[in-house]
Amino acid sequence: MTKPVFILNGPNLNLLGKREPEIYGSETLADVEASCVRLAEELGLTVRFHQSNAEFQIIDWIHEAREEACGLIINPAAFTHTSIAILDALKACAFPIFEVHISNIHKREAFRHHSYVSTCADGIVAGFGTQGYEMALRRMATSVDAETI
Ligand code: DHK
């Protein structure tokens, strides 16, 4: 059985669908999780989907992924721009890492333009709304295949 792909979500993403819908859209995080689970099944993958507002919890999940996952998709939300601790945890992982942002962070305030996570991500999806998670998952399926050949 293939190892799961971890999909991790940072602070305030629990409010997806209610929070600034003009930026983040009207889908909830539960909707995103459901589409990821559906797509993963189609792709022959399994996913473990988590969200936390706490930096330490995201770091602990990255450590767990290090032992148990075949790849990791992360939307670190505001921690993207602040967290060296999340970057260091990701640097300790050997599998593909894809960074997702619902909005195009480069079209927004200057403080969102820099991402610590991008310095170690294998791929970045930004500005495609919640569809970005599915795009990353599709790419993960081919990356994971390529690594196991
Ligand atoms: C989500 C957030 O919560 C912001 O802090 C980031 C990101 C952008 C997103 O687009 O998914 O700056």
Task: Restricting region 87-125 to residues that are in contact with a strand residue (DSSP E or B) (Cβ under 8 Å, 6 or more places away or on another chain) and in a helix (DSSP H, G or I), the residue that is most open to solvent (accessible area, probe 1.4 Å) - done: H106
TODO: Consider A30 carefully, then state whether it is more than 20 Å from T142 (Cβ to Cβ), open to solvent by 20 Å² or more (accessible area, probe 1.4 Å) and either away from the ligand (no atom under 16 Å from the Cβ) or free of Cβ contacts under 8 Å to residues at least 60 places away in the same chain (or both).
DONE: yes
- [ ] Quickly run through region 74-86 and pick out the residues that are over 18 Å from I7 (Cα atoms) and in a loop (DSSP other than H, G, I, E, B).
- [x] T82
- [ ] May I ask you to list the residues in region 126-149 that are touching a strand residue (DSSP E or B) at 6+ places or on another chain (Cβ under 6 Å) and modelled with pLDDT under 95?
- [x] V144
Open item on the list: Name the residue that is nearest to E99 (Cα to Cα), counting only residues in region 2-26 that are within 13 Å of the ligand (Cβ to nearest atom), in contact (Cβ under 8 Å) with a residue 60 or more places away in the chain and assigned to a loop (DSSP other than H, G, I, E, B).
Closed with: G10
Open item on the list: Every residue in region 82-102 that is more than 24 Å from R139 (Cα to Cα) and within 16 Å of the ligand (Cβ to nearest atom), please.
Closed with: T82, S83
Task: Test set (1) open to solvent by less than 70 Å² (accessible area, probe 1.4 Å); (2) over 14 Å from the mean Cα position of the chain (by Cα) - I74 fails condition number - done: (2)
Task: Selection within region 77-86 - open to solvent by 30 Å² or more (accessible area, probe 1.4 Å) and touching an Asp or Glu at 6+ places or on another chain (Cβ under 8 Å) - done: F79, A85
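The values are calculated or read from the model by the stated rules, or taken from the named source; none is laboratory data. Remember, it's a predicted structure, so these values are computed and weren't measured experimentally. Here Cβ is always computed from backbone atoms with ideal geometry, including for glycine, and neighbour counts include all displayed protein chains. In case anyone asks, the SASA skips ligands and DNA or RNA and just uses the protein heavy atoms, side chains included. Shrake-Rupley method; radii C 1.70, N 1.55, O 1.52, S 1.80 Å.
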